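Just so you know, all these numbers are worked out from the coordinates, no wet-lab data involved. Treat the numbers as computed from the prediction; the structure is a model and nothing was measured. Neighbour counts run over all protein chains shown; Cβ positions are idealised from the backbone, glycine included.
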Amino acid sequence: DVKVTQSSRYLVKRTGEKVFLECVQDMDHENMFWYRQDPGLGLRLIYFSYDVKMKEKGDIPEGYSVSREKKERFSLILESASTNQTSMYLCASSQDSPTNEKLFFGSGTQLSVL
Amino acid sequence: LAKTTQPISMDSYEGQEVNITCSHNNIATNDYITWYQQFPSQGPRFIIQGYKTKVTNEVASLFIPADRKSSTLSLPRVSLSDTAVYYCLVVSGYSTLTFGKGTMLLVSP
């Protein structure tokens, strides 16, 4: 079974700190994604990557950046954390497919910015 | 990108069949209909995908009428552990997946 591992389950940071959220997948998937999930808003796509060193903006990229130096690892970076970035962050990966059927998600990182 | 509309919430009792309908009036020829399930404090999990007619797996069935403007996820004989949020997505190859707010299904004893 595919495993998507997020480095932290819970994280507490202070306003203005630089925050790194790490995600690793073990199935050689080409595609990786970062979403955030907030009550009443569903999942919103922040950034995604179709290949090493490639990145594309999602629906809400402001205040975030990403890094994909290796195929299995996709990092989300909050350059200067703010309280409105308190959220559940979900990483996902998928194989290239004409039917695009399966995203595999990690368990999420609940980030609190104080 | 086809927009989907599904009920915000549904209630059921253990042992009942639950049908969650999703409308997607603007679905394109190359689009597939995909459903995910999300338990609290977990990421969403793929349940089922279909293009037309009926698809069944060990978890659910998916019914898609000929015009494909809607679809119905059917969960047979639900249990308390089926309490979750269910997302309907319309996807095409190599596109990003957009999750709406989903349907919160609450199964009671």
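Relative contact order for chain A: what percent, with Cα pairs under 8 Å and sequence separation of 6 or more?
Details: 298 pairs, mean separation 41.1, N = 114.
Relative contact order of chain A: 36 percent.
Suppose a student asked you for the relative contact order of region B:1-83, using Cα pairs under 8 Å spaced at least 6 residues apart; what percent would you report? Walk me through the intermediate numbers first.
On the way: 155 pairs, mean separation 26.9, N = 83.
Relative CO of region B:1-83 lands at 32 percent.
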Holding the Cα-Cα limit at 27 Å, pick out from A:LYS3/B:LYS101; A:LYS18/A:LYS102; A:LYS3/A:LYS70; A:LYS71/B:LYS101; B:LYS3/B:LYS52; A:LYS3/A:LYS53 the pairs that are longer than that.
A:LYS18/A:LYS102; A:LYS71/B:LYS101
What distance in nm lies between label points placed 7 Å from Cα along the C-beta direction at B:SER74 and A:SER107?
3.6
A:ASP59-A:SER82 pseudo-label distance in nm [points 7 Å out on the Cα-to-Cβ vector]
1.9
Charges only on Cβ, +1 for Lys and Arg, -1 for Asp and Glu: so what's the dipole of the protein assembly as shown about the Cα centre, in debye to the nearest 20?
320
Give me the three principal axis extents of region A:9-55 from the C-alpha atoms, as integers in angstrom, largest value leading.
33, 26, 19
Taking a virtual spin label 7 Å from the Cα of B:ARG45 along the C-beta vector, which residues in region B:59-103 bring their backbone nitrogen under 16 Å of it?
B:59-61, B:75-76, B:78-87
State to the nearest 20 debye the size of the charge dipole of chain A about its Cα centre, where the only charges are +1 on K and R beta carbons and -1 on D and E beta carbons.
380
Listed residue (A:ASN31, A:TYR10, A:GLY106) projecting farthest to the positive dipole end of region A:1-108, Cβ model:
A:TYR10
If unit charges are put on Cβ atoms (+1 for Lys and Arg, -1 for Asp and Glu) and the dipole of chain B is taken about its Cα centre, the option from B:SER9, B:ALA28, B:CYS88 lying farthest towards the positive end turns out to be B:ALA28
Give the value in nm², to one decimal: projected area of the alpha carbon convex hull of the protein assembly as shown, averaged over all directions.
12.0
Antiparallel as a % of all DSSP beta bridges within the protein assembly as shown, to the nearest 5?
90
Tell me the Rg and the Dmax, in Å, that the Cα atoms of region A:50-89 produce.
11.2, 31
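Nearest 0.05, what FRET efficiency do A:LYS70 and B:ASN57 give at R0 = 45 Å with Cβ-Cβ as r?
It comes out at approximately 0.85.
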